[in-house]
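Single-structure report; data block below.
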Amino acid sequence: MESEAPHAEPSASTGGDAGEARVTAIPLLLHIGYHKTGSTWLQRALFDNAERGFTTDTGEPRHALVRDFVLPDALAYDPARVREKFAAARADALAKGATLVLSHERLSGYPSSGGHDRRMIADRLRETFPDARILIVIREQRALIRSMYSQHITDGGTGTLARFLNRPEPGLGRKPWFDPEVYAFDRLIAYYRGLFGAERILALPFELLAREPQLFVDRLAAFCGRPSQPLGPVSRENDRRPLVMQAVQRRLNALFYDNELSPGALLHIPRFAKRFGRLRGLFDACSPRFIERRMDARLVKEIAAYAGDRFRESNGRTSRMIGIDLGDYGYAMPH
């Protein structure tokens, strides 16, 4: 599909005096994830920061994007209606010289269900906003699987890591399940490039954000047509829950949390996951460190055995596509 020409975009000038170089900012950025790649930090520190020239103000909470782009029936999606819904927010951002950012990890699919709808979502985004630019943040797969499995439990899952990774009755495919192909990053990047044009897609590794946040932010700013700004101190929050806490919740989900990941709980406690999450401080203080280390080592070993060489070739293609040596960040690369 032929992409829109960059010069056809409406733009907001962020330059100063007439004699100075003027920066042309893009009007719309779609940040699609992946899950567990620093999205919350990006949203809070950058995308909700008017001083950096971004805004996420659409008049609705962020999770409404799932309702707009993910939930409509495959034969009932109306891109014109959704486009019109965001017209006022886009116009307001443009008048302020800001870039409107629609940011939600669910737009790259949900890993626990194998990202089965990620192509459909990509098509909807292209039909609705053909002039948008796309930010995709990836992460080394072994670390990503570990983090996503923990999130799966937080979201209501009940299975062991082995059950999470391995579909029962794999030859039938009756319902979506985790599929390692969701982390073949080159496929999603290539598909978005085909929809929007390569110049409209920016894919960066999460590890760059973790190691060199200023460089990450500078590359994003340049992609959005914005000047570089000093980032200042970056607070690094540890959002990893104790493994003992996750082991307890995994079992309680089956009893008290009737949801998409654990249907049929014996007794449904409304907002069980959030209520249980309030015990984080208790588990941080009381979980035995030697048990945590032993559980962590077992997870790392099991995930490494599962990953094996399966991502090497994809990582090599991804590395060439984005112009970053992912081997420098610990990704498995072709021999």
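The values are calculated or read from the model by the stated rules, or taken from the named source; none is laboratory data. Here the structure is a predicted model, which is why all the values come from computation and not from measurement. Every residue, glycine as well, gets a Cβ built from its backbone with ideal geometry; the counts of neighbours run over all protein chains shown.
Return yes when residue 104 is in the same structural domain as residue 207 (by TED's automatic domain parsing), more than 14 Å from the chain's Cα centre (by Cα) and under 21 Å from residue 259 (Cβ atoms) and no when it is not. No: the conditions fail for residue 104. In the set 207, 181, 199, only one residue is farther than 23 Å from residue 329 by Cβ, part of a helix (DSSP H, G or I) and either modelled with pLDDT of 95 or more or within 18 Å of the chain's Cα centre (by Cα) (or both); that residue is 199. The condition of being more than 30 Å from residue 27 (Cβ to Cβ) and either out of contact with any Phe, Trp or Tyr (no Cβ under 6 Å at 6 or more places or on another chain) or surrounded by 22 or more Cβ atoms within 10 Å (Cβ to Cβ) (or both) holds for residue 176.
Applying the criterion of at least 3 residues that are loosely packed, with under 11 Cβ neighbours inside 10 Å to the helices (runs of 4 or more DSSP H) found wholly in region 254-334 leaves 289-307.
Selection within region 79-137: residues that are among the charged types (D, E, K, R) and in contact with an Asp or Glu (Cβ under 8 Å, 6 or more places away or on another chain). The member of this set that is farthest from residue 68 (Cα to Cα) is 92. When residue 239 is tested against (1) closer than 28 Å to residue 116 by Cβ; (2) more than 22 Å from the chain's Cα centre (by Cα), exactly one condition is not met: (2).
The set of residues in region 287-335 that are among the small types (Gly, Ala, Ser) and either over 22 Å from residue 181 (Cβ atoms) or at pLDDT below 95 (or both) comprises 287, 297, 323. Test residue 230 against the stated conditions and say whether it is under 18 Å from residue 37 (Cβ atoms) and surrounded by fewer than 18 Cβ atoms within 10 Å (Cβ to Cβ). Answer is no for this residue.
Taking region 210-236 as the range and being of a type in the set (A, V, I, L, M) and more than 18 Å from the chain's Cα centre (by Cα) as the test, the residues that pass are 215, 221, 222, 231, 234. Filtered by the rule that a residue be over 17 Å from the mean Cα position of the chain (by Cα), surrounded by 21 or more Cβ atoms within 10 Å (Cβ to Cβ) and not in a loop (DSSP other than H, G, I, E, B), region 149-163 gives a lone residue, 153.
Of the helices (runs of 4 or more DSSP H) lying entirely inside region 55-109, those containing at least 1 residues that are farther than 14 Å from residue 128 by Cα and modelled with pLDDT under 95 span 87-95.
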